[in-house]
Amino acid sequence: MNSFFSEALKKSEQKTKGEEILNLLRNLSNEKQDEKQMEQDYWSYEVPLDTGMDGGVGKARIVILGVGGAGCNTANTLMELGVMGAEVIAVNTDYQHLQRVKAHKKVLIGKSITNGLGAGGSPELARACAENDASLIAEAMGNRVDLAFVAAGMGGGTGTGASPVVARIAREKGARVIGVVTLPFKAEQRLRMKVAMEGVKQLRKYADTVVLISNDKLLSLAGPLPIQDAFRIGDYTLAVMVKGITEIINKKALVNVDLQDVRNVMAAGGVAAVGIGESDHPSHRATEAVKMALENQLIDISTDGATGALIVVTGGPSMKLSEVTEIAEYVTSRMDPNAVVKIGADIDPNLGEKIRVILLLSGIHSPQILPGTPEPVKRSPINWIRPEEDVEEIVAATLGPGYMLKF
């Protein structure tokens with residue numbers, strides 16, 4: 001198998017607790033943030049805003065919002081990886097969980113409603129908490145947001161109920177919004193899946209794109225690993241996806257890719273997936289890196305007919321122009337002939353003999369990719385109603401044949 005995750009799993013079987021696969025995922029980041037970088041505790045009674053990440057002229061303002069337990073875990077993983085040029089904000093109703101995660105800012109919502117004890121699995125209660133403290137969430141984001149990621153787990157309380165409110169607030173600030181969410185296990189209660197589907201429908205109203213990750217696919221991928229390591233693979237996959245887009249925009253390069261390029265790709269068909277791959281093969285490193293970037297087994301994708309792509313190639317001093325061209329041709333040959341394509345390239349001495357490829361693709365076909373259906377921005381309560389039929393079909397396809405929910 002050529003898949004990055006499959007190869008990583010083969011190697012992980014030779015080590016205890018899947019350390020090899022976790023190390024491979026961690027190694028996708030070669031730029032750690034300064035260990036002394038300030039982590040700000042951001043509670044509902046204190047609003048520190050001086051984070052040094054407010055953007056400015058010539059710099060995109062990017063925020064990454066982890067909502068609920070799963071979303072905050074993704075935020076924590078991003079802090080471990082070190083993400084450049086973005087602010088990480090953790091949002092939760094659970095005070096204890098917020099204390100355990102790392103983020104540039106932390107927002108405890110619903111303090112006056114639940115006293116920091118969580119939403120008890122109720123999306124309605126979580127939504128009320130988010131609405132009640134909407135001004136605090138908005139203040140944490142700052143005055144301007146160009147791009148916002150909203151990461152959450154669907155099917156529980158806070159992630160399901162609060163993430164649409166968070167996405168709406170980001171849109172009110174003019175941001176493009178990308179939702180990245182996980183779905184419950186197939187074996188879990190049908191009610192939990194119904195709640196998850198309703199949450200996805202509500203999030204779609206305010207997100208330009210929603211990417212779904214199936215926990216069942218994670219289970220099939222990481223079966224041999226201990227449960228804690230298996231879920232860390234999921235956390236790292238989501239985090240690397242977000243990190244990839246963020247650093248495409250804000251990292252300086254020889255051939256630059258900017259926020260407007262991302263907007264153009266999104267306009268071409270909506271952002272669908274991000275892939276990151278690297279290789280130091282002595283003769284085929286370019287091909288191996290781009291294949292790795294295209295093969296993400298937690299999201300089943302097909303590039304046939306893709307309508308837009310950002311391709312960023314980074315390598316050590318030995319990287320050749322012909323290798324950059326080879327990577328670009330490999331991707332574009334699998335896309336629509338009229339696709340919008342932007343290519344960036346840079347040299348990073350820290351990579352040595354490696355080549356790294358980061359792809360941002362739009363118009364991709366997948367049962368796990370939901371195009372956004374943004375509505376005009378307005379401040380109004382979110383009603384928990386039956387999801388549209390297309391959401392049912394997509395989720396059923398994600399979970400496998402014969403798993404169709406009817407209400």
Over 32 Å between C-alpha atoms is what I'm after, so list which of LYS102/LYS186; LYS59/LYS194; LYS201/LYS354 land there.
LYS59/LYS194; LYS201/LYS354
Two decimals, Cα atoms only, Kirkwood Rh: what is Rg/Rh over the stretch 252-362?
0.95
Among 236-243, 340-347, what's the highest-first ranking by average C-beta atoms within 10 angstrom per residue?
236-243, 340-347
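So how much slack lies between GLU353 and SER333, counting 0.36 nm per residue of separation and subtracting their Cα-Cα distance, in nm? Walk me through the numbers on the way to the answer.
Working: separation 20, 0.36 × 20 = 7.20 nm, distance 2.59 nm.
That works out to 4.6 nm of additional length.
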GluC sites (Glu not before Pro) within the stretch 62-127, DSSP loop, no more than 10 other Cβ atoms inside 10 Å
none
List the GluC sites (Glu not before Pro) within the stretch 320-361 that fall in a DSSP loop (any state other than H, G, I, E or B) and whose Cβ has at most 14 other Cβ atoms within 10 Å.
GLU353
Note down the relative contact order for the stretch 252-362 as a percent, whole number, built from C-alpha pairs under 8 angstrom at least six residues apart.
44
Can you work out ³J(HN,Hα) from phi for every residue in the stretch 241-247, in order, using Karplus 6.51 cos²θ - 1.76 cosθ + 1.60 and θ = phi - 60°, giving whole Hz and x for Gly and Pro?
4, 5, 4, x, 5, 4, 7
Quick check on the stretch 252-362: of the DSSP beta bridges with both residues there, what percent are antiparallel, nearest 5%?
65
What percent of all Cα-Cα pairs in the stretch 92-132 falls into each 5 Å bin, going from 0 up to the bin containing the maximum distance?
6, 28, 33, 21, 12, 1
Quick check: residue separation of ASN132 and LYS186 times 0.36 nm, minus the Cα distance between them. What number comes out in nm?
16.1 nm
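Rule-based calculations on the coordinates, nothing more; no lab input. As the structure is a prediction and not an experimental result, all values here were calculated from the model. Quick reminder, even Gly has a Cβ in these numbers, built from the backbone with ideal geometry, and neighbours come from all protein chains shown.
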